[in-house]
1. Principal axis extents for the chain, Cα atoms only, whole Å, descending order, please.
2. With a length cut of 15 Å (Cα positions projected on each helix's long axis) and a Kyte-Doolittle mean of at least -1.0, go through the chain and give me the DSSP H helices that pass.
3. Within the stretch 20-49, which chymotrypsin sites (Phe, Trp or Tyr not before Pro) sit in a loop by DSSP and count at most 12 neighbouring Cβ atoms inside 10 Å?
4. So what is the calculated 222 nm ellipticity per residue for the chain, using -39500 (n - 2.57) for each DSSP H run with n of 4 or more, over all residues, to the nearest 500 deg cm²/dmol?
5. With label points built 7 Å along Cα→Cβ from the Cα atoms of I46 and S16, find their separation and express it in nm.
6. Using a Gaussian network model of the chain whose springs link C-alpha atoms within less than 10 Å, name the residue from G45, G34, G53 with the highest mean-square fluctuation.
Amino acid sequence: MTERQREIVLGYAECSMNAVETGRKLYLSYVTVGYHLNQIKKSTGIDPRSFYGLCKLVQMAKQIGG
């Protein structure tokens, strides 16, 4: 998981899985947030748009980040 993907995952979780709010928080378009979520799913095989998948990705992101 890249640093940018980590930032997207954690921001998406903090914004209660709302792409529009995540975009506002990270100064991105919600379309860009969606693109990154799709890329995360492709690279990890875990869907960040599902609650279970997002929980797993947040756990991974926190382990990577220290």
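Any read-out appearing in this document is the output of simple, stated calculations on the displayed coordinates, not a laboratory observation. Keep in mind that this is a model prediction, so the values were computed, not measured. Because the Cβ atoms are built from the backbone with ideal geometry, glycine has one as well, and the counts that use them run over all protein chains shown.
1. 26, 23, 19
2. Result, helices passing both filters: 3-14, 30-44, 51-65.
3. Hits after loop and neighbour filter: Y27.
4. -24000 deg cm²/dmol
5. 2.3 nm
6. Largest GNM mean-square fluctuation: G45.
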